[in-house]
Amino acid sequence: MDTQTTKIRESVVSNDSRSSINSKELIELAKKLNYSSLRFMVAPDKAISEEAVIEDTLFLLKNIDTPTDAVKETFSTKGR
Amino acid sequence: MYFTGALGESLVISQELINREGASFLDSSPLFPDSSDNRFFINKINVDNLAVIVRNYLRVITNDNQLEIVFKTIKFPNSTIYGALHKDGKSEVTIYTNLELNDCWTRFVKCKELMQLYVDSNNTHSYREYSSSEIIKQIKEVIRSQGTLISADDVYEFDAGYESEAIAFLATIDLFFPKEDKLFVHILGEMIAEKKGYTNYDLALTYKTPEFIVKFYRKYIEKMSMALLNIV
């Protein structure tokens, strides 16, 4: 098998592995958080892949209880 | 539930909400500011007011006087999620919007998630919540059912857990085109169709809504919305 073919095979295997790891991590985190309800809206105006949504959902769950710099509060009904 | 059924339910809800609150969440600008002409042209959703309205409504429905709504923005790695709604069980609801969205999409997504709260609190239909162990199933069904929603076909039913999402999405779109403007929007739509110098983008700028939403409204929602309002 030449080098170029080997690299292509490695890339495909790598993507599948990453997808599988993300799904597993997402399920474990969701169970751990035991959230009562989470709803989300995916982009209606562009093509999206299941793997990309899983990765974004995982990122969301990681930031729900312990917000990082990626999360910023912009408005609250408190006091209104 | 199929698309047409979801559309019917969504219009009942959106039009009830508008009538209930007297459209106080809409901001409008006079068409001719320095004249005695009282017509208003530019209307946009004031999301802050809508958030307070929905919060107060939910407090009545749930008897939870501590309930608050918080908006946060989040930068997603792939930008596939435009908005998310999370109830933490502590009388706080957080609505997340994608940081990379422009103002029009941000406004729409915030309203959609607020409508989600409103729709879910209406007991006119049942909705199915996903447990935490079903999150992958939820993702698959959201992607699949949203595809059905966007194509507006009645061939496939929405997954049970997605029905209220579809209703909230459609109701939000109807909300962006005020009752008193629907005939005007329809006339502008005819100009667009006849290529008379007005475009869907112009309409989007007027109502501060994504062009995608304008096209969807004109193609799939406008006719039934006007019929229910007896606008001819």
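Kindly evaluate A:Glu50 against the criterion of being within 10 Å of chain B (Cβ to nearest Cβ) and modelled with pLDDT of 90 or more. Full working, then the answer.
On the way: within 10 Å of chain B (Cβ to nearest Cβ): yes; modelled with pLDDT of 90 or more: yes.
Criteria met by A:Glu50.
Hey, B:Thr106 hits all of (1) part of a helix (DSSP H, G or I); (2) on the phi > 0 side of the Ramachandran plot but one; which does it fall short on?
(2)
Given the criteria β-branched (Val, Ile, Thr) and either surrounded by fewer than 22 Cβ atoms within 10 Å (Cβ to Cβ) or more than 8 Å from every other protein chain (Cβ to nearest Cβ) (or both), does B:Thr106 qualify? Working first, answer last.
Details: β-branched (Val, Ile, Thr): yes; either surrounded by fewer than 22 Cβ atoms within 10 Å (Cβ to Cβ) or more than 8 Å from every other protein chain (Cβ to nearest Cβ) (or both): yes.
Criteria met by B:Thr106.
Please list, ordered by residue number, the helices (runs of 4 or more DSSP H) wholly in region B:187-232 having 2 or more residues that are modelled with pLDDT of 90 or more and within 14 Å of chain A (Cβ to nearest Cβ).
The qualifying helices (runs of 4 or more DSSP H) are B:200-207, B:211-216.
Say whether the condition of being modelled with pLDDT of 85 or more and either more than 7 Å from every other protein chain (Cβ to nearest Cβ) or closer than 30 Å to B:Asn56 by Cβ (or both) is met by at least one residue in region A:26-36.
yes
Select from region B:185-232 the residues that are loosely packed, with under 14 Cβ neighbours inside 10 Å and aromatic (Phe, Trp, Tyr) and list them in ascending order.
B:Tyr201
Which of the residues spanning region B:77-96 are in a loop (DSSP other than H, G, I, E, B) and surrounded by fewer than 23 Cβ atoms within 10 Å (Cβ to Cβ)?
B:Pro77, B:Asn78, B:Ser79, B:Asp88, B:Gly89, B:Lys90, B:Ser91
Counting only residues that are more than 11 Å from chain A (Cβ to nearest Cβ) and assigned to a loop (DSSP other than H, G, I, E, B), which one in region B:129-174 is surrounded by the fewest Cβ atoms within 10 Å (Cβ to Cβ)?
So, considering only residues that are more than 11 Å from chain A (Cβ to nearest Cβ) and assigned to a loop (DSSP other than H, G, I, E, B), the one surrounded by the fewest Cβ atoms within 10 Å (Cβ to Cβ) is B:Val155.
Looking at region A:53-74, which of the residues that are facing chain B (nearest Cβ under 7 Å) and among the β-branched types (Val, Ile, Thr) is surrounded by the most Cβ atoms within 10 Å (Cβ to Cβ)?
Within region A:53-74, the match that is surrounded by the most Cβ atoms within 10 Å (Cβ to Cβ) is A:Thr57.
Could you list, in sequence order, the residues of region B:1-53 that are closer than 24 Å to B:Ile221 by Cβ, within 14 Å of chain A (Cβ to nearest Cβ), assigned to a helix (DSSP H, G or I) and at pLDDT below 85?
Residues satisfying the conditions are B:Val47, B:Asn49, B:Leu50, B:Ile53.
The values are calculated or read from the model by the stated rules, or taken from the named source; none is laboratory data. Predicted model only: the values in this text are computed from it and were never measured. In this analysis, Cβ positions are derived from the backbone assuming ideal geometry, glycine residues included, and neighbour counts consider all displayed protein chains.
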